[in-house]
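Notes for the one structure printed next.
Read the figures in this text as sums done on the coordinates, not as results from a lab. The model shown is predicted, which means the values in this text are computed figures rather than measured ones. All Cβ positions, even for glycine, are placed from backbone atoms using ideal geometry, and neighbour counts span all protein chains on display.
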Amino acid sequence: MCIRDRYQRRVHGEYCELIFSCLNNEMYSDEITGVVFDIGSSTCRAGYSGEDTPKQVIPSAVGCINRQKPQNKKNDANIDRQAKNEYFAGDNGVTTRRDFMDVVHTFYKGRYTDFDSTLALFKHTFDNGLRVTSNQYPLLVSEPSVHIKEQRQKLCEMSFESLAVPAYFTCKAGVLACFASGRSTSLILECGAHSTYSVPVHDGYVLQKSVIKFDVGGETLTEKLMQYIEKDLKIGIFPRYAFTSTLTPDNRKVVEYQEIPPNTTQSFQLFSKLEITRDIKENVCKIIDDVENMQSQSDDKAEYELPAVSYTHLTLPTIYSVQISVVAVSLKK
């Protein structure tokens, strides 16, 4: 199995050199660096070709305030029909609560869901993440092994017309992962947030008819864990913006709960709860090596401090690993 986060190795430089050679323009040479985008359902990785790690890893979700939708039903006739939507990308952009802000997933289960938010994500990465202008660097974008022709054309059109990139190239993520491991033929297993792919690669080409896709990924476990905490353990997961903290004269921190602020959308509330649950999964949950003796390890417990009035300690038994096996059984059905 090859992790896609290693995408920006030698092969990306080779693909960018292929672009330069096809342009036959003196302004491009082998020393010019290309910008690489690897967008997933959870995060967007961006950096320069030839480097070992991405320069920026941010959520692929984007906050959006629809200016054409009436914020107050009584003032429906006073809205501006020509107003454009306002987008907020990046760690601070999508995680900050704003009135009437929805969370839009630019990429979900191998498909681009909204190209306007995708463009906002690209511009934010160029301007605030990489701090370069898009018309100075060639662009390489990875795509899922099961692609859609119309979306590939739309992404190419957006790159040239809206971003004004000098050169553009797209390549399947399975091929990039294969070359990143120094091989031209291999079987790639891509485990993402919402989808898992089994991709056979032969001599740098994906065997398209043999690609297998499952709409199960890391976020499946996150959603199962949130359901387990709220419904089985009867513990509410409240977002952090629902609490206020003050210091007493003796320097004690007092946390008080306040109701969810008005004009907070359901999509942003769900996004905030999933952020907390994902942190619980990454810090508390584990994979049991010995499945046969799984019950003997049920006595192991781990604590997690939830944001609450009294800093509620969430105690999760290892028995929750049984819920993971339930997911595997449902796949067979």
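Residues in segment 44-54 carry Karplus couplings, in order, of 10, 9, 9, x, 9, 5, x, 8, 7, 10, x Hz; the curve used is 6.51 cos²θ - 1.76 cosθ + 1.60 with θ = phi - 60°, and Gly or Pro positions show x. Subtracting the Cα-Cα distance of T170 and R131 from 0.36 nm times their residue separation leaves 11.8 nm of extension gain.
Remark: for residue pairs K55/K273; K123/K253; K84/K154; K123/K209, the C-alpha separation exceeds 30 Å in K123/K253; K123/K209.
Other residues within the sphere of radius under 15 Å centred on the Cβ of D91, judged by their own Cβ, net out at +3 (K and R +1, D and E -1). Per-residue 3J(HN,Hα) values for segment 136-147, derived from phi via the Karplus relation 6.51 cos²θ - 1.76 cosθ + 1.60 with θ = phi - 60°, read 10, 10, x, 10, 10, 10, 7, 10, x, 5, 9, 9 Hz in sequence order (x marks Gly and Pro). Along segment 235-240 the Karplus relation, 6.51 cos²θ - 1.76 cosθ + 1.60 evaluated at θ = phi - 60°, assigns HN-Hα couplings of 10, x, 9, 9, x, 5 Hz to successive residues, with x for each Gly and Pro.
Taken about its Cα centre, segment 174-269 carries a charge dipole of roughly 140 debye when the Cβ of each Lys and Arg holds +1 and the Cβ of each Asp and Glu holds -1. Charge dipole (Cα centre; +1 on Lys/Arg Cβ, -1 on Asp/Glu Cβ; no other charges) of segment 116-209 amounts to roughly 180 debye.
Only beta bridges with both residues in segment 116-243 are counted; by DSSP, about 70 percent of them are antiparallel. For C44, the residues whose amide H sits under 5 Å from its own are I58, S60, ignoring neighbours fewer than 5 places away on the same chain, with H placed 1.01 Å from N.
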